[in-house]
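Rule-based calculations on the coordinates, nothing more; no lab input. Since this is a predicted model, take the numbers as computed values, not measurements. Note that we place each Cβ from the backbone using ideal geometry, even for glycine, and neighbour counts take in every protein chain shown.
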């Protein structure tokens with residue numbers, strides 16, 4: 001079994017998310033269920049007196065982007 005790198009998986013998943021989201025927006029007029037989306041927000045923050053951080057991460061998922069994720073994972077498994 002070949003050793004697969006995590007960075008390739010992450011890259012493929014991000015590309016799958018972006019392409020799926022773009023295709024969902026393009027075909028939203030003909031297939032309106034592809035345009036319905038859900039936003040996921042994660043807001044980690046911390047204060048350690050010396051170091052203080054505050055991030056805001058948002059992901060907007062729709063059916064097309066989830067299909068893009070599944071396709072990217074399938075391509076990764078075939079590598």
Among 14, 41, 59, which one moves the most in a GNM of the chain with springs linking Cα atoms closer than 10 Å? 41
Expressed as a rounded percentage, what relative contact order does the chain have, with Cα pairs under 8 Å and six or more residues apart? 40
Once you order the gyration tensor axes a ≥ b ≥ c over the Cα atoms, which shape class does the chain get: rounded for a/c under 1.5, otherwise prolate or oblate by comparing a/b with b/c? oblate
Computed E for residue 74/residue 43 - FRET, C-beta separation, R0 25 angstrom, nearest 0.05: 0.20
Based only on other Cβ atoms within 10 Å, what is the fewest-to-most ordering of 73, 48? 48, 73
Under a 10 Å cutoff between Cα atoms, tell me which one of 37, 21, 65 has the largest fluctuation in the Gaussian network model of the chain. 37
Taking Cα atoms only, helix 63-78 is inclined relative to the longest principal axis of the chain by an angle, in degrees rounded to 10, of 90
Measuring from the longest principal axis of the C-alpha atoms of the chain, the long axis of helix 6-26 (C-alpha) lies at a number of degrees, nearest 10, equal to 60
